[in-house]
Amino acid sequence: MTKSKSTATDDLVALTDPNNPSLTAYQPEFAPGTGLSEGAYAEVADELGKVLADSFQLFIKTQGVHWNVAGAAFYGVHKLTEQQYGEIYAAIDEIAERIRALGHKAPASYTTYGHLSCISDEDRPIDTGQQVAMLMRDNGLVCQTLRDALDIAEEHGDIVTADLLTRRLGDHEKYVWMLRMQIA
């Protein structure tokens, strides 16, 4: 094994095997060769990047409500948001790993998430009803992002991604319902 410069745009040094040029320690993008077209991998990965960004933004906001909720509904909202942010956190990893399985780099910065996400960055003192309404709205936005990504995955016949997105959609629809019952 010898060291050589990577052809990746970030100019990282990669370990390469002169007898096997495709073997590198760092490959930001690769062709998975699992039955989708090259364009399909990229398009589905791009949509998943938006889902990842929305999920991360919602994770932060859900955890913020968990920490800051007060008043008569404290215990119920505190427990509900703890469950939800835990599930969202697990989903973030699954979504990012799916992007990698499609041969693309998963977005991994606050700046990138801010550009990709349709969820606004809010951190202001509000009452419990407003906090719950904010999470209901944001879960609804995630549902729309999931539906858009699901359409693209299905268009390209990516049933693995479609399955992941369908499960996430069901979870977020349930989150909206459960949050709505907190302020009904």
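For Trp67 and Asp163, compute 0.36 nm times the residue count separating them, minus their Cα-Cα distance, and round to one decimal in nm.
Result: 31.4 nm gained on full extension.
Please express the Cα-Cα pair-distance distribution P(r) of region 37-127 as a list of whole percents, one per 10 Å bin, running from 0 to the bin with the greatest distance.
Result returned by the calculation: 17, 41, 27, 12, 4, 0.
Would you mind computing, in nm to one decimal, how far apart the modelled labels at Glu155 and Glu82 are, each placed 7 Å from Cα along Cα→Cβ?
4.2 nm
What do you get when you divide the Cα radius of gyration of region 124-184 by 2.2 N^0.38 Å, with N the number of residues?
Cα Rg divided by the expected 2.2 N^0.38 Å: 1.35.
Residue separation times 0.36 nm, minus the C-alpha to C-alpha distance between Cys118 and Ala184: what's the value?
21.1 nm
Through the Karplus equation 6.51 cos²θ - 1.76 cosθ + 1.60, θ set to phi - 60°, convert the phi angles of region 76-93 into ³J(HN,Hα) values in whole Hz; use x for Gly and Pro.
x, 5, 4, 5, 5, 5, 5, 4, 5, 5, x, 5, 5, 4, 4, 5, 4, 5
Tell me the relative contact order for region 26-184 as a rounded percent, counting alpha carbon contacts under 8 Å between residues six or more apart.
Computed over region 26-184, the figure is 32 percent.
Return the sequence-ordered ³J(HN,Hα) values of region 176-183 in whole Hz as given by the Karplus equation 6.51 cos²θ - 1.76 cosθ + 1.60 applied to θ = phi - 60°, using x for Gly and Pro.
4, 4, 5, 5, 4, 5, 6, 10
If you project the alpha carbons of region 106-157 onto their three principal axes, what span does each projection cover, largest first, in Å?
Rounded to whole Å, the extents work out to 44, 23, 11 Å.
With θ set to phi - 60° and the Karplus curve 6.51 cos²θ - 1.76 cosθ + 1.60, what are the ³J(HN,Hα) couplings of region 34-45 in order, to the nearest whole Hz, using x for Gly and Pro?
Once θ is set to phi - 60°, the couplings for region 34-45 become 10, x, 9, 6, 4, x, 5, 4, 5, 5, 5, 4 Hz.
Project the alpha carbons of region 76-184 onto their principal axes and report the range along each, largest first, in whole Å.
Per principal axis, max minus min of the Cα coordinates gives 43, 28, 21 Å.
Too long at a 22 Å Cα-Cα cut-off: which of Lys50/Lys105; Lys50/Lys79; Lys79/Lys174?
Beyond 22 Å between Cα atoms: Lys50/Lys79.
Filter the GluC sites (Glu not before Pro) in region 102-170 down to the DSSP loop ones having no more than 14 other Cβ atoms within 10 Å, then list what survives.
Glu122
Pull out a ≥ b ≥ c, the square roots of the eigenvalues of the alpha-carbon gyration tensor of region 78-128, then state rounded if a/c is under 1.5, prolate if not and a/b is larger than b/c, and oblate in the remaining case.
Oblate, because a/c is 1.5 or more while a/b does not exceed b/c.
All of the numbers you see were taken from the coordinates with simple rules; none came from a lab. What you are looking at is a predicted structure, and each value in this text was computed from that prediction instead of being measured. Note: ideal-geometry Cβ built from the backbone for every residue, glycine included; neighbour counts use all protein chains shown.
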